[in-house]
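Colleague: This is the structure, below, for whatever I ask next.
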Amino acid sequence: MENIYSRNGIRPVINASGRMTKLGVSTINKAVGKTVVEAASNYVVMDELYQFAGRKIGEMIGTEDACVTSSASAGIALSVASLICGNNLQKVQHICDILPELSRREVILLKGHNVDFGAPIAEMIQLGGGKIVEVGYANGSNLSDIENAVNDNTIAIFFVKSHHCVQKDMVDVQSVIQLANTLKIPCIVDAAAEEDLKIYAAMGADFVCYSGAKAIEGPTSGFVACKTKEYADNMRLQYKGIGRAMKVGKECTMGLVKAIECYLAGENVQVISKNDLENFMEIVNKINGCKASIIQDEAGREIYRCKINFNKDEYGLDAMEVVKKLQEGTPAIFTRDYQANIGSIAIDPRPLNSIDELNFILTRLIEIGKGE
């Protein structure tokens, strides 16, 4: 498995984990790559580019405007900061100075949504100047938890749509957005890895933060779908403040726009079919000590994976040991290991580049089960 990384002495990776930041998120297609190179090879007035890209993305997803960012997490920080500063450039340029004097910067967050997605979600909100007000419980929440926490210092209600969050007994996103609209409090939705680029804005969310490199398979980037042009303008103003540290370049901006065009046109085709995954599952089930099944994504997305449970007495290794063995090899194999501590891993077919990679995973599972 030779590529630019292996040629430079870095271990190549087979990604069966998902579109994970720690593994470089996703790969881009040739059309996006060509756009990135052309954009990188020319000059442009960046303010004009950001306005164009926001307007173009808004047209494609049905919002008044959007703000291009370096990532979904940057979008969170800039959304919060924009609500604190508005269109006041002095506040933008001195946000760290004025925060100690500001009481109106509270962001309501469900306790079950205060997660670590590779970095704490709380840090992204606080990076933008927000003060977190946790509501509800880790194992449940309702709308009254949110409504009772709203006061004159509240600037936003924050909702995280992610498999990382507690799913059990949690109030749903549509109800939260509707409540925020009724209370006339801006609602920010973190939809970093979500596949539907239109649904949450259509529900009435004021800001919807997406990764450009996950479901969309674009370059390192992100964007925030904004309910109004004023919201987007205020976000873009943050590039004269804290946004400078998280700016997105011309090549990634144009690459993102192209990636969204390709994505909405249905040009992103998964190499490994569900039938391929089912065939893989059937063979895994023949390995002594392995029990495989097809499961749907934890957060209800139309994503299907192969879950594998390990019986250590029969297979020779438990799930945690399997994860370690797979990652130690060359190429390193990364699986979805969120439930390895309770005995299982999952194979996510979306990032796999070929059927050969899926077959290689199968070969390694057979090898390490024999203790080779």
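Colleague: Could you look at region 48-197 and say what percent of its accessible area is carbon and sulfur, using a 1.4 Å probe and all protein chains?
Modeller: 45
Colleague: Past 31 Å, Cα to Cα: identify those pairs from K30/K168; K168/K227; K214/K286; K168/K286, in the order given. Intermediate values should be presented prior to the final figure.
Modeller: Working: K30/K168 41 Å; K168/K227 29 Å; K214/K286 33 Å; K168/K286 34 Å.
Correct reply: K30/K168; K214/K286; K168/K286.
Colleague: Can you give the accessible area of D190 in Å² (nearest 10), computed on protein heavy atoms with a 1.4 Å probe?
Modeller: Spelled out: D190, probe radius 1.4 Å, area about 20 Å².
Colleague: Assign unit charges at the C-beta atoms only (+1 for Lys and Arg, -1 for Asp and Glu), then state the dipole size of the chain relative to its Cα centre in Debye, rounded to the nearest 20.
Modeller: Details: 39 positive and 46 negative charges, 120 e Å.
The dipole of the chain has a size of about 580 debye.
Colleague: Moving to a separate point now. Eigenvalues of the Cα gyration tensor times 5, then square-rooted: what semi-axes does that give for the chain, in whole angstrom, largest first? Display every interim value, and only then the final one.
Modeller: Values: eigenvalues 293, 130, 60 Å².
With the √(5λ) rule applied to the chain, the semi-axes are 38, 26, 17 Å.
Colleague: Measure out, as a whole number of angstrom, how far apart the alpha-carbon centroids of region 261-288 and region 205-260 sit.
Modeller: After rounding, the separation between the Cα centres reads 30 Å.
Colleague: Is the shape of region 59-117 best called rounded, prolate or oblate, per the rule: a/c under 1.5 gives rounded, else a/b larger than b/c gives prolate, else oblate, with a ≥ b ≥ c the square roots of the Cα gyration tensor eigenvalues?
Modeller: oblate
Colleague: Among Y50, Y231, what's the order by accessible area (1.4 angstrom probe), most exposed first? Can you show the working numbers first?
Modeller: On the way: Y50 20, Y231 50 Å².
My answer, sorted largest first, is Y231, Y50.
Colleague: What net charge is computed for the residues neighbouring K56, neighbours being all others with C-beta under 13 Å from the C-beta of K56, Lys and Arg scored +1, Asp and Glu -1? Kindly include the intermediate steps, with their values, before the conclusion.
Modeller: Working: positive: R55, K258; negative: E48, E59, E64, D65, E261.
Charge balance in the 13 Å sphere: -3.
Colleague: Show that you can apply the helix-only estimate: for the chain, add -39,500 (n - 2.57) for every DSSP H stretch of four or more residues, divide by all residues, and state [θ] at 222 nm to the nearest 500. Intermediate results must be reported in sequence, preceding the final value.
Modeller: Values: 15 runs with 142 residues, N = 372.
Rounded to the nearest 500, the figure is -11000 deg cm²/dmol.
Colleague: If one takes the longest principal axis of the Cα atoms in the chain, at what angle in degrees, from 0 to 90 and to the nearest 10, does the Cα axis of helix 30-40 lie?
Modeller: 40
Colleague: Rounding to the nearest 10 and keeping the result within 0 to 90°, find how far the Cα-based axis of helix 46-61 lies from the longest principal axis of the chain.
Modeller: Around 70 degrees separate the two axes.
Colleague: Rounded, prolate or oblate, given the Cα gyration tensor of region 86-229, with a/c below 1.5 counting as rounded?
Modeller: On the way: a/c = 1.43, a/b = 1.09, b/c = 1.32.
Since a/c stays below 1.5, the shape of region 86-229 is classed as rounded.
Colleague: Now a separate question. Rank M320, A265, G222 by how far each Cα sits towards the positive end of the charge dipole of the chain (+1 on Lys, Arg Cβ; -1 on Asp, Glu Cβ) and give me just the farthest.
Modeller: Selected residue: G222.
Colleague: Separate question: When the Cα centres of region 317-365 and region 147-192 are compared, how far apart do they sit, in Å?
Modeller: Cα centres, region 317-365 to region 147-192: 35 Å.
Colleague: Which value, in Å² and to the nearest 10, is the accessible area of S293 when all protein chains are kept and the probe is 1.4 Å?
Modeller: Looks like 50 Å² after rounding.
Colleague: Check the straight Cα-Cα distances from K291 and name the aspartates and glutamates below 20 Å, setting aside those fewer than 8 residues away within the same chain.
Modeller: D276, E278, E282, D313, E314, D318, E321, D337, D348, E367
Colleague: Only sites in a loop by DSSP and with at most 13 other Cβ atoms within 10 Å count here; which trypsin sites (Lys or Arg not before Pro) in region 258-309 make the cut?
Modeller: Numbers: sites: K258, K274, K286, K291, R301, R305, K307; in loops: K286, R301.
Filter output for region 258-309: K286.
Colleague: Something else: Taking +1 at the Cβ of each Lys and Arg and -1 at the Cβ of each Asp and Glu, which of V68, Q93, H163 sits farthest along the dipole of the chain towards its positive end, judged by Cα position relative to the Cα centre?
Modeller: Towards the positive end, the residue furthest out is Q93.
Colleague: Spin-label point model (7 Å from Cα, Cβ direction): what's the N353 to E59 distance in nm?
Modeller: Output for this residue pair reads 3.5 nm.
Colleague: E367 label point, 7 Å along Cα→Cβ, cut-off 20 Å on backbone N: hits in region 270-298?
Modeller: 280-281, 283-290
Colleague: What is the magnitude of the charge dipole of region 185-230 about its Cα centre, with +1 placed on the Cβ of each Lys and Arg, -1 on the Cβ of each Asp and Glu, and no other charges, expressed in debye to the nearest 20?
Modeller: Numbers: 4 positive and 7 negative charges, 28 e Å.
Dipole of region 185-230, to the nearest 20 debye: 140 debye.
Colleague: Kindly express, to the nearest 10 degrees and within the range 0 to 90, the angle between helix 173-183's C-alpha long axis and the longest C-alpha principal axis of the chain.
Modeller: With rounding to tens, the tilt is 10 degrees.
Colleague: Can you give the accessible area of H164, probe radius 1.4 Å, in Å² rounded to 10?
Modeller: Accessible area of H164: about 60 Å².
The values are calculated or read from the model by the stated rules, or taken from the named source; none is laboratory data. Here the structure is a predicted model, which means the values were calculated and not measured. Every residue, glycine among them, receives a Cβ derived from its backbone with ideal geometry; neighbour counts consider all protein chains shown. Quick note on the areas: whole protein, heavy atoms, side chains included, nothing else; ligands and nucleic acids left out. Shrake-Rupley method; radii C 1.70, N 1.55, O 1.52, S 1.80 Å.
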